[in-house]
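The values are calculated or read from the model by the stated rules, or taken from the named source; none is laboratory data. Note that the coordinates shown come from a computational prediction; the quantities given were computed from them, not determined experimentally. Quick reminder, even Gly has a Cβ in these numbers, built from the backbone with ideal geometry, and neighbours come from all protein chains shown. Accessible surface is based on the protein model in full, side chains and every heavy atom, while ligands, DNA and RNA are left aside. Shrake-Rupley method; radii C 1.70, N 1.55, O 1.52, S 1.80 Å.
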Amino acid sequence: MPILEGEKVTKYFGGLAAVSKVDFNVDQGEVVGLIGPNGAGKTTLFNLISGAFVPKPGVIRFKGENITGSKPHQICRLGLSRTFQEVKIFANMPVMQNVLLGSLFGTPTGMASANAAKEAAELLDFVGLSAVGKTPAGGLTLANQKRVEVARALATKAELLLLDELMAGLNPTETAEAMELVTRIRGRGVTIFMIEHVMKAIMGVCDRIMVLHHGEKIADGTPKEIATSKTVIEVYLGE
Amino acid sequence: MDITRFKSKGFFIPGLISLVLLILLATLPLSLGGYTVVLVTTILMYAILTVSWVLFSGPSGYMSLASAAFFGVGIYIGALLLPNTGQVLPLLVVVVLGGLASSIVALGVGALTLRLRGIYFAIFTFGLVVLILEVLNWWEHTVSHIRGRFVMVVDNETIFYVMLAIFVATMLTFFFLRRSKFGLALQSIGQNEEAAAHSGVNVTMVKVLTFALSAFFVGAAGVVWATRLTYIDPYIAFNFFLSFLPVLMAIFGGIGQIYGPVVGAAIFAYLQETLQTEFPEVYMLTFGIVLVVVILYLPNGIVGLIPKLWRRISGGQHANT
């Protein structure tokens with residue numbers, strides 16, 4: 001059963017179609033990858049799904065509900081949460097409060113402070129940041145700042161998590177740890193839709209991969225199908 | 001751990017000090033009277049404006065220059081409802097009405113303009129002051145043909161106590177807002193608005209409501225100030241300086257601590273009053289130099305000095321960075 005569906009999702013910036021008539025769906029419990037060359041429209045698609053932009057035309061449904069035109073905070077409270085390509089944390093606030101904000105404001109019904117704090121502490125532990133809960137988030141390494149974002153997104157009781165280049169800028173060890181984190185998030189029953197450039201990572205953790213090129217979807221299939229697809233290879237390597 | 005960052009330690013002592021200070025202030029007219037009461041009233045007025053400014057602009061990072069507009073709206077409400085020809089409503093009721101009127105203006109303006117970022121927001125809010133001033137000017141010239149209004153005379157002690165009450169209300173609001181869930185949301189907006197929105201914070205609502213809340217106290221203070229001025233016209237009510245002074249006072253005092261804006265406003269207002277009377281020729285010059293020195297050498301304001309001095313006294317063991 002699809003948790004997320006998009007129909008003919010389109011977004012123009014001036015005369016340029018950043019995303020053009022993309023149909024997509026993500027099933028409950030799946031890990032779906034989104035790849036494509038730079039400027040293919042991957043992050044724009046995430047911005048459309050999370051409500052930062054509104055598709056025109058196009059329809060996006062989450063858990064069967066039409067969320068086209070909903071505000072980011074409303075979409076978040078429905079259980080669809082995201083991280084950012086360029087980390088967007090609250091740099092001067094302690095790590096704990098970064099995560100707490102998600103559990104206080106992002107959950108469907110809202111949470112009492114005590115429960116929210118407990119939830120946030122649990123998630124800090126989950127992403128392995130318990131030791132630095134009181135440190136201002138801006139003082140962490142990039143890999144750990146990305147973990148703060150993941151914890152904050154999960155704190156909103158996300159059912160679908162959009163991960164925008166979780167592994168970009170990480171060293172090989174950190175990349176491996178991030179892959180392991182993705183697997184553990186999936187283990188919590190959270191559906192994942194992720195943009196990634198690190199091929200080894202995306203081939204390893206995804207059930208299915210979608211490929212965008214110049215704003216259009218050019219392929220959709222299992223990692224094996226994608227790796228051997230002629231069109232995909234042409235896009236990445238040239239003819 | 002809790003969101004209430006300032007909880008547990010350091011709650012009792014500052015509370016006690018505040019209470020003692022409050023009692024001292026409240027008994028001031030009995031002990032000193034006369035000019036001191038007038039001076040302290042002025043200081044309280046500036047403190048209200050400054051704390052209200054910090055309430056919204058401090059955590060959110062949106063620099064508002066609308067203080068003079070909210071203050072002026074309060075002054076006009078005061079002049080209209082407390083004319084010298086005879087009081088329409090009790091003073092305290094008018095104070096609340098003045099606050100509400102300013103809040104309503106802030107709600108409208110905020111809903112329209114809080115999507116503007118950075119300097120654009122600052123300029124627009126300043127434009128609001130000019131806009132209201134010019135509209136009033138036009139109205140008084142061509143429609144009402146009333147130029148200038150006399151306001152009911154209220155004795156200095158009453159003015160002082162009402163101002164003190166508004167000040168206490170402002171401080172309590174500031175204090176509890178900072179510690180609340182709402183305050184956390186406002187702070188997150190200042191740090192990264194987009195991330196706040198995507199974490200479930202209704203950023204527009206939080207911004208507009210806080211903006212309106214901060215305008216309330218400024219408007220209320222304006223009503224009381226009208227009775228002190230006793231005569232007003234649009235240029236007196238909408239004084240551009242009052243848009244910039246709260247910003248300067250906040251920077252002067254330091255906005256990192258809750259008492260920073262109060263200390264800043266107190267010293268600033270006192271300096272202004274004394275310099276203006278003692279050295280009228282060089283008053284602005286001295287004032288400017290003091291400000292430049294503070295901004296250059298005390299980036300955390302006057303109150304930023306306290307931890308520095310404390311470290312020096314205690315030999316650095318308690319260095320708290």
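Overview of values
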{"quantity": "Residue match in segment B:251-266 (condition: open to solvent by 40 Å² or more (accessible area, probe 1.4 Å) and under 29 Å from residue B:137 (Cα atoms))", "calculated": "no"}
{"quantity": "Residue satisfying condition, being more than 14 Å from every other protein chain (Cβ to nearest Cβ) and within 19 Å of residue B:98 (Cβ to Cβ), within set B:263, B:218, B:247", "calculated": "B:218"}
{"quantity": "Among the candidates B:295, B:258, B:251, B:232, residue that is touching a Lys or Arg at 6+ places or on another chain (Cβ under 7 Å) and under 24 Å from residue B:122 (Cα atoms)", "calculated": "B:258"}
{"quantity": "The one condition in (1) part of a helix (DSSP H, G or I); (2) under 19 Å from residue A:163 (Cα atoms); (3) not charged (D, E, K, R) that residue A:100 fails to fulfil", "calculated": "(2)"}
{"quantity": "Filter result (assigned to a loop (DSSP other than H, G, I, E, B) and either under 18 Å from the mean Cα position of the chain (by Cα) or of a type in the set (A, V, I, L, M, F, W, C) (or both)) within segment A:133-159", "calculated": "A:140, A:156, A:157, A:158, A:159"}
{"quantity": "Qualifying residue in segment A:102-111 (condition: closer than 22 Å to residue B:193 by Cα, of a type in the set (Phe, Trp, Tyr) and open to solvent by 20 Å² or more (accessible area, probe 1.4 Å))", "calculated": "yes"}
{"quantity": "Residues located in segment A:133-150, provided they are hydrophobic (A, V, I, L, M, F, W, C) and within 11 Å of another protein chain (Cβ to nearest Cβ)", "calculated": "A:137, A:148"}
{"quantity": "Flag if residue B:279 is within 14 Å of residue B:70 (Cα to Cα) and open to solvent by 50 Å² or more (accessible area, probe 1.4 Å)", "calculated": "no"}
{"quantity": "Some residue of segment A:79-87 being in contact (Cβ under 8 Å) with a residue 12 or more places away in the chain and among the acidic types (Asp, Glu)", "calculated": "no"}
{"quantity": "Unmet requirement for residue B:224, which otherwise passes all of (1) over 25 Å from residue B:148 (Cβ atoms); (2) open to solvent by less than 50 Å² (accessible area, probe 1.4 Å); (3) not hydroxyl-bearing (Ser, Thr, Tyr)", "calculated": "(1)"}
{"quantity": "Restricting segment B:170-205 to residues that are among the polar types (S, T, N, Q) and crowded, with 24+ Cβ neighbours inside 10 Å, the residue that is farthest from the other protein chains (Cβ to nearest Cβ)", "calculated": "B:170"}
{"quantity": "Answer residue from segment B:228-243, given it is within 21 Å of residue B:287 (Cβ to Cβ) and outside any helix (DSSP H, G or I) and is least open to solvent (accessible area, probe 1.4 Å) among those", "calculated": "B:239"}
{"quantity": "Scope segment B:105-114; condition open to solvent by 30 Å² or more (accessible area, probe 1.4 Å) and either free of Cβ contacts under 8 Å to residues at least 40 places away in the same chain or under 17 Å from the mean Cα position of the chain (by Cα) (or both); matching residues", "calculated": "B:105, B:108, B:112"}
{"quantity": "The listed residue being in contact with a Ser or Thr (Cβ under 8 Å, 6 or more places away or on another chain) and under 20 Å from residue B:226 (Cα atoms), out of B:78, B:99", "calculated": "B:78"}
{"quantity": "Residues of segment A:18-55 classified as open to solvent by 30 Å² or more (accessible area, probe 1.4 Å), farther than 17 Å from residue A:84 by Cβ and touching a Lys or Arg at 6+ places or on another chain (Cβ under 7 Å), total", "calculated": "2"}
{"quantity": "Any hit, segment A:114-132, residues being more than 9 Å from chain B (Cβ to nearest Cβ), in a loop (DSSP other than H, G, I, E, B) and over 25 Å from residue B:202 (Cβ atoms)", "calculated": "yes"}
